[in-house]
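Everything on this sheet refers to the single structure shown next.
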Amino acid sequence: MEFHVAKSGSDTAAGTVEDPLLSIGAAAELAKPGDSVVVHAGVYREWVNPPRGGTADAPIAYQAALDADGRYEPVTISGAEPVTDWRPHADGVWTAVVPNTLFGERNPYTERIGGDWFFDQVNTWHTGEVYLDGKSMYESLTLDGVEHPEATADSFDRAGSLLTWYCEAGEDVTQIWANFGDADPAEHEIEVNARKFVFWPAATGIDYLTVRGFTLTKAATQWAPPTALQEGLIGPHWSKGWVIEDNTITDSKNVGVSLGKEAGTGQNEWMAGPKGAKGGTQREREVIQRALALRGPDSDEPHPWHRDHVGSHTVRRNTIRDCEQAGVVGHLGAAFSRIEDNHISRIHVKRQWHGAEVAGIKLHAAIDTVISGNTIHHTHRALWLDWQAQGTLVRRNVFYASTAEDFMVEVCHGPYLMDSNLFLSPWAVKDMSTGGAYVHNYIAGRIANCTEHQRYTPYHLPHSTAVYGVSNILGGDNRFYNNLFVGDGERAEPRAEPALASFWNGAIDIDGVPGQATFVPTPVGTSQYDAYPTPEEYPHEDGSALAGPRLPVRIEGNLYAGGAEPFRAERGPLVVGAPPVRVSVHDAEAGTVRVEVAGGVDVVAPVTTARLGTSYQAEMGYTNPDGSDLDLSADFTGTLRDKVVPGPFAASDAGTRILAAPAPARRG
């Protein structure tokens, strides 16, 4: 059955095309498994809180209506409300008084951002926000900062950071002061955050929902660490089988899409506890054990972290931007999921505060999760896999304009695969893990590597959430096969893109990592691993330098151009001057890259599941999530490789092309 929603409707209507409902929430109350909620053009200012889910065979679909041409009608669901009663306060500064009834139970102008791994423990930023014509302004901690604004030094938009606001909340009203620059608020749309969520079930276990074709925007979300409820503008809230596709998701105060954990397994117990209590790493281990053991509070049915109950989501073809913590986040709940063909940009670009959970995509325990075809740029860190990347496949993604690095993998034991990705930022990879396989990538940035002997993290039985054991990070157990490394000449330090130069100083930044984790810069290439043994050198019984705790590395078939340097023991590395393939950013904001392929590269041995072997700790092979062998016969574009050559492009694929970023499908 279809329930139709339109701005001309009424919540007492029948919900037909001719007699539509007025709110999406009213339709959600009626929708049963197999039903669809079809929303027609307009702006809907509400929190969609679905009371029930569907089934694997009969999901409940929420989608924008299709027009006569089969395209989605423009439907916006917003967590903000307009404010029109602005009065002059001082030059360029205006003030408005908002009744607190606008906010419901949670006033975002009294709620402060904070939690585990949130670094700013001095300033007290709010989850509220003020928007000028849809663009978020910058909170000031004082009224003087509105009357006499100063630019935020690290902001991607220093001029825009002069548009500031300040608030004071009372029992009945909240007063907001805002500096709109030269804009008269009577001639512009001014909005404020009014709701915590845009599309989010208050209950857990709301399974099998599809959300497609919307613009979802402006939510007063809280900081989302792995040891607390991970709020998002949209998310399944500890459920199974959601499909989030073809949406534009913007302007969450913290997280756009959350696939993460609920509150019952832990809620900021590290930072909320007394000084000297258990540390964050121990609290996170406890979260995992609780998630494996907990049952639902009102049911005899088990509700643990198990693939029968949680995960297996699909997030695809979305545009996700302008979120200050992460585009996609998830601890535990992203397992067995697919995050594909999304365009993620402008994440953590205001830079008023910082924490250890900031990235385009930040996942803990991405077990058997596939991350493919995404374009991620203008972020602090593009992709961050933290703890338990096991069976994770990262394939055919484009990363650039990262101010930290394109990919960080932290205290994971593998196996995880990085296949046919484009790494275009000055720092490509920060590796504080074992068990990684890097195959057929284009890598134009440096790699940093270190061990981590003080933190013990879990690994799992293959294709399962069941914990097999815990270990610290010895380092190594990596494979680098058939990659193309393109150096940046003889520079001692990597260059930053001109657009990033104002806030990138060449420092090796490693958020949230204890002080003993240090990196020594080396040129682009694999020479970062020179201190590691080969399989033939490991283990030595004579106490030589190569016989330490580091695990062996396997490095073969790579091509090094433009000053990139190979691993000291790589057999027959291909070292050339000019790169046979050159990838550059074509349109930075649109997410397009230019690929120039000259060809003429030596053939190398193909990579297979059998050749990759098994990871050291989990004793698990490099396979697809269903356990079948990997197929690496296609290149970045899906073209079958007629010859196997280093890098992500097929040998016969010579010429110049522009590769576009993925975009939401506009047809149903």
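Every read-out reported here was derived from the displayed coordinates using simple, explicitly stated rules and does not represent laboratory data. Given the structure is predicted, the values throughout are model-derived calculations rather than measurements. In this analysis, Cβ positions are derived from the backbone assuming ideal geometry, glycine residues included, and neighbour counts consider all displayed protein chains.
Just to be sure I understand: of the beta bridges DSSP finds with both ends in the chain, what percent are antiparallel, rounded to 5?
Details: 47 of 160 bridges.
Antiparallel bridges make up about 30 percent of those DSSP assigns within the chain.
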Check your understanding: Can you list residues whose amide H is under 5 Å from HIS126's amide H, if they're 5+ apart or on another chain and H is modeled 1.01 Å from N?
Key -> ILE113
Revision key, fill the gap. Listing ASP530, ASP116, ASP207 by rising number of other beta-carbon atoms within 10 angstrom, fewest first, gives ASP530, ASP207, ASP116
Practice item. Give me the number: length gained by fully extending ASN100 to LEU294, i.e. 0.36 nm times residue separation minus the C-alpha to C-alpha distance, one decimal in nm. Key: 66.1 nm
Check your understanding: Want the number for GLU81 to ARG112: 0.36 nm per residue separation, take away the alpha-carbon distance, what's left?
Key -> 9.2 nm
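Is the range 22-82 best put as rounded, prolate or oblate by its Cα gyration tensor, with a ≥ b ≥ c the root eigenvalues, rounded for a/c under 1.5, and otherwise prolate when a/b is larger than b/c, oblate when not? Write down the numbers at each step before the final one.
Working: a/c = 2.59, a/b = 1.22, b/c = 2.13.
Verdict is oblate for the range 22-82.
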Exercise for review: Using only Cα atoms, locate the centre of the range 446-478 and the centre of the range 571-589, then give the distance between them in Å, rounded to an integer.
Suggested key: 31 Å
Review point. What's the center-to-center distance, using Cα atoms, between the range 262-279 and the range 164-235 in Å?
Key: 25 Å
**Study point:** Spatial separation of Cα centroids for the range 623-665 and the range 29-101, in angstrom
**Key:** 38 Å
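Looking only at Cα atoms, what is the convex hull volume of the range 127-169 per residue, in Å³? Intermediate results must be reported in sequence, preceding the final value.
On the way: hull volume 3.7 nm³, N = 43.
Cα-based convex hull of the range 127-169, divided per residue, equals 85 Å³.
Arrange the following residues from fewest to most other Cβ atoms within 10 Å of their Cβ: ASP419, ASP653, ASP91, ASP19. Mind dumping the intermediate values first?
Working: ASP419 24, ASP653 19, ASP91 7, ASP19 13.
Placing the least packed residue first, the sequence is ASP91, ASP19, ASP653, ASP419.
In deg cm²/dmol and to the nearest 500, what is the mean residue ellipticity at 222 nm of the chain if only DSSP H runs of at least 4 residues count, each as -39500 (n - 2.57), divided by the residue total? Walk me through the intermediate numbers first.
Details: 5 runs with 33 residues, N = 668.
The helix-only estimate for the chain comes to -1000 deg cm²/dmol at 222 nm.
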Review point. If the label point is 7 Å along Cα→Cβ of ALA186, which residues in the range 62-90 have backbone nitrogen under 18 Å from it?
Key: 83-90
Review point. In terms of Cα to Cα distance under 27 Å, which lysines are near enough to LYS350, apart from those fewer than 8 places away along the same chain?
Key: LYS135, LYS196, LYS218, LYS253, LYS261, LYS362, LYS430
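Once R0 is set to 45 Å, what does the formula 1/(1 + (r/R0)^6) return for the Cβ-Cβ distance between VAL520 and THR142, expressed as a FRET efficiency to the nearest 0.05?
Working: r = 42 Å, r/R0 = 0.94.
The value I calculate is 0.60.
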**Study point:** Cα lying deepest toward the dipole's positive end in the range 2-78, options LEU22, PRO51, ALA61, charges on Cβ
**Key:** PRO51
**Study point:** Per-residue Cβ neighbour rank within 10 angstrom, fewest leading, LEU21, LEU551
**Key:** LEU551, LEU21
Point to revise | Alpha carbon Rg of the chain, scaled by the compact-globule rule 2.2 N^0.38 Å | key: 0.96
Check your understanding: What ³J(HN,Hα) values, in whole Hz, does the Karplus curve 6.51 cos²θ - 1.76 cosθ + 1.60 give for the range 592-599 when θ = phi - 60°, with x put for Gly and Pro?
Key -> 9, 10, 9, 10, 10, 10, 8, x
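On average, how much area does the Cα convex hull of the range 80-193 cover when viewed from any direction, in nm²? Can you show the working numbers first?
On the way: hull surface 30.0 nm².
Taking a quarter of the hull surface, the average projection is 7.5 nm².
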Revision key, fill the gap. Of the range 152-177, those with amide N under 19 Å from the point 7 Å along the Cα→Cβ vector of ASP133 are 157-165
Review point. To the nearest 20 debye, what charge dipole does the range 336-470 have about its Cα centre, counting +1 at the Cβ of each Lys and Arg and -1 at the Cβ of each Asp and Glu?
Key: 340 debye
Practice item. Could you work out how far apart the two model spin labels at LEU66 and ASP120 are, taking each label as a point 7 Å from the Cα in the direction of the beta carbon, and quote it in nm? Key: 4.5 nm
Exercise for review: Return the distance in nm (one decimal) between the two label points of a simple spin-label model at GLU73 and ALA41, each offset 7 Å from Cα along Cα→Cβ.
Suggested key: 0.8 nm
Point to revise | Relative contact order %, the chain, counting alpha carbon pairs below 8 Å whose residues are six or more apart | key: 9 percent
Practice item. Obtain the nm distance between the two label points defined at ALA531 and SER464 by a simple spin-label model: each point lies 7 Å from its Cα along the Cα-to-C-beta direction. Key: 3.6 nm
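So if I place +1 on the C-beta of Lys and Arg and -1 on the C-beta of Asp and Glu, and nothing else carries charge, what would the dipole magnitude of the range 549-624 be about its Cα centre? I want it in debye, nearest 20.
Numbers: 7 positive and 8 negative charges, 58 e Å.
Charge dipole of the range 549-624: 280 debye, to the nearest 20.
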Exercise for review: Give, rounded to the nearest 20 debye, the magnitude of the charge dipole that the range 2-78 has about its Cα centre when Lys and Arg contribute +1 at Cβ and Asp and Glu contribute -1 at Cβ.
Suggested key: 240 debye
Review point. How long are the semi-axes of the ellipsoid equivalent to the range 587-629, from square roots of 5 times the Cα gyration tensor eigenvalues, in whole Å, largest first?
Key: 33, 20, 10
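Once you have the alpha carbon radius of gyration of the range 1-52, what is it after dividing by 2.2 N^0.38 Å, with N set to its residue count?
Details: Rg = 9.8 Å, N = 52, 2.2 N^0.38 = 9.9 Å.
After normalising by residue count via 2.2 N^0.38 Å, the value is 0.99.
Quote the FRET efficiency, to the nearest 0.05, computed for LYS275 versus HIS453 with a Förster distance R0 of 25 Å and r equal to the Cβ-Cβ distance. Present the calculation step by step, with values, prior to reporting the outcome.
Details: r = 25 Å, r/R0 = 1.01.
About 0.50, to the nearest 0.05.
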